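Inspection log for the structure reproduced underneath, given as structure tokens.
The values are calculated or read from the model by the stated rules, or taken from the named source; none is laboratory data. All values reported here derive from a predicted model rather than from experimental measurement. Cβ atoms come from the backbone with ideal geometry, glycine included; neighbour counts cover every protein chain shown. All accessible areas refer to the heavy atoms of the entire protein, side chains included, with ligands and DNA or RNA removed. Shrake-Rupley method; radii C 1.70, N 1.55, O 1.52, S 1.80 Å.
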Amino acid sequence: MKENKNISGKPDKAVRVTKPYLPPLEEFQDYLRDIWDSRWLTNNGKYHQEFEKALCEYLGVKYISLFPNGTLALLIALQALRITGEVLTTPFSFVATTHALWWNNIKPVFVDIESDTFNFNPTKIEAAITPQTTAILPVHIYGNPCKVEIIKKIADTYGLKIIYDACHTFGVTINDIPVLKYGDLSVMSFHATKVFTTFEGGAIVCHDEATKRRIDNLKNFGFAGETTVVAPGINAKMNEFQAALGLLQLKYIDKAIEKRKQVACHYREGLKNISGISYLEDMPDVKHCYAYFPVLIDVDKFGKTRDDVYEELKRHNIYGRRYFYPLISQFPTYRGLESAQPGIMPVAERVTQKVICLPIYPELRIKTVNQICQAILGYS
Ligand SMILES: Cc1ncc(COP(=O)(O)O)c(C=O)c1O
């Protein structure tokens, strides 16, 4: 990293792991005024309808149902497919993935992850299936696609449904095919920390009209008409303010992802060939969204632990995050499960101890990326 050798000092302001991209305020004000004047604030309003349509077009999928956040979308996705019994999932994710199972009274069965992608390992699926297994809930972790074709083959063989937690992906494709086309359903999050944000927000992607209708009923108290209730649904409707922001964000998202890519490339350059530091490369044939920049710190080679590096960065005013530590299976709610016992998921147990996500967002300056790299290199 020659060009960084002379760069020292720490950022004057705290650098967080992410910073939401927001469009120019004046442009959003036009939408706000229109919503104010119309007095139509929620319940499938004009912007909700427009955003659903525009999002389908942008993402290259047929049906989307909008939600106020990704967690409610996960809960409803499981309800929509009437998933029960046991579901195979990953321990290396944000807790909401497994909490959605718990809230549906479904038993999570944890499966280890792959060492090269940190995604759900499909070679571990078959051994974890029992007569109670009804579905698989993998996560495209950090936005990197799972082995979707292999997972599909196994699910088809055993008659299992697939719901992808796609909360980290936005616009990701494999060989130009949207990753959201795989699985029975995919769940998205538009939380403030995500690549694409509507303040809070979420969505379910499905592939047929009947499923879309069922999801739309479930998120609106089960109403299928003015006086008809077909299920004990919930209130999980996206409001007009979120939908309007979503519409506006679509104008800027390509540029925002391009800037994230530049940050990721710079980190790779700055941290390459450093003993004890590794990171994920782009996958062949995949268009990425650069949601996170995870780095693994190997204490034996680098001489410092991940937590040492985390604390050192804080001293430099840089706030990385230990996504995902601890493993979901290590939280009290889940650690009593058979599949959560220590030693069963060696890869996940190793990665969770080594990983730190470095700041990445469109407005992150290259000078700051250099300072972050320098803070790490100077510490070894
Ligand atoms: C993998 C994953 N699943 C689910 C969620 C929940 O989404 P939300 O915060 O929109 O409820 C998040 C993030 O917040 C996440 O990272």
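Below, the figures for the structure above:
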read-out: Average accessible surface area per residue within segment 198-239, 1.4 Å rolling probe, Å²; value: 50 Å²
read-out: Alpha-carbon centroid distance for the pair segment 152-187 / segment 310-332, whole angstrom; value: 28 Å
read-out: Cα convex hull volume per residue for segment 108-155 (Å³); value: 75 Å³
read-out: Largest-first principal axis extents of the Cα set of segment 249-380 (Å); value: 46, 38, 29
read-out: Whole-Hz couplings from phi, Karplus 6.51/-1.76/1.60, listed for segment 9-15; x for Gly and Pro; value: x, 10, x, 6, 10, 4, 9
read-out: Residue 287 accessible area, assembled protein chains, probe 1.4 Å, Å²; value: 100 Å²
read-out: Other-chain or far-sequence residues with amide H under 5 Å of residue 109's (modelled H); value: 87, 88, 89
read-out: Amide hydrogen neighbours beyond the local backbone of residue 293, cut-off 5 Å, H modeled; value: 358
read-out: Within a Gaussian network of the chain (alpha carbon springs, distance under 10 Å), most fluctuating of 57, 114, 26; value: 26
read-out: Considering only the chain, percent of DSSP beta bridges that pair antiparallel, nearest 5; value: 60 percent
read-out: Span from the segment 58-119 Cα centroid across to the segment 209-264 one, whole angstrom; value: 16 Å
read-out: Residue 16-residue 255 FRET efficiency (beta carbon distance; Förster radius 22 Å; 0.05 resolution); value: 0.60
read-out: Whole-percent carbon and sulfur share, accessible surface of segment 110-223, 1.4 Å; value: 52 percent
read-out: Segment 272-284 - phi-based ³J(HN,Hα) in whole Hz, Karplus 6.51/-1.76/1.60, Gly and Pro as x; value: 6, 6, 9, 4, x, 10, 9, 8, 7, 8, 4, 8, x
read-out: Which of 10, 304 is most accessible, then next, and so on - probe 1.4 Å; value: 10, 304
read-out: Placed amide H near residue 161: partners under 5 Å, 5+ positions off or other chain; value: 135, 136
read-out: Helix-only [θ]222 nm of the chain, DSSP H runs n ≥ 4, -39500 (n - 2.57) each, per residue, nearest 500; value: -11000 deg cm²/dmol
read-out: Whole-number accessible area per residue in Å² for segment 130-175, which is evaluated in the context of all protein chains at 1.4 Å; value: 35 Å²
read-out: Surface accessible to a 1.4 Å probe, residue 102 within the full protein complex, Å²; value: 120 Å²
read-out: Largest-first ordering by accessible area, 1.4 Å probe, given options 268, 306; value: 268, 306
read-out: Neighbour net charge for residue 174 - beta-carbon separation under 13 angstrom, K R +1, D E -1; value: 0
read-out: Sulfur and carbon atoms: percent of accessible area, segment 1-100 [1.4 Å]; value: 53 percent
read-out: Carbon/sulfur fraction of accessible area - segment 300-375, other protein chains in place, 1.4 Å, %; value: 45 percent
read-out: Relative counts (whole %) of C-alpha pair distances in the chain, using bins that are 10 Å wide; value: 5, 23, 31, 25, 13, 3, 0, 0
read-out: Average accessible area per residue (Å²) across segment 1-95 - probe 1.4 Å, nucleic acids and ligands excluded; value: 57 Å²
read-out: Note, ³J(HN,Hα) from phi for segment 313-323, Karplus 6.51, -1.76, 1.60, rounded to Hz, x at Gly and Pro; value: 4, 4, 4, 8, 6, 10, 10, x, 10, 8, 7
read-out: Cut-off 11 Å between beta-carbons: net charge of the residues surrounding residue 72, Lys and Arg +1, Asp and Glu -1; value: +1
read-out: List 38, 65, ordered by accessible area with a 1.4 Å probe, largest first; value: 38, 65
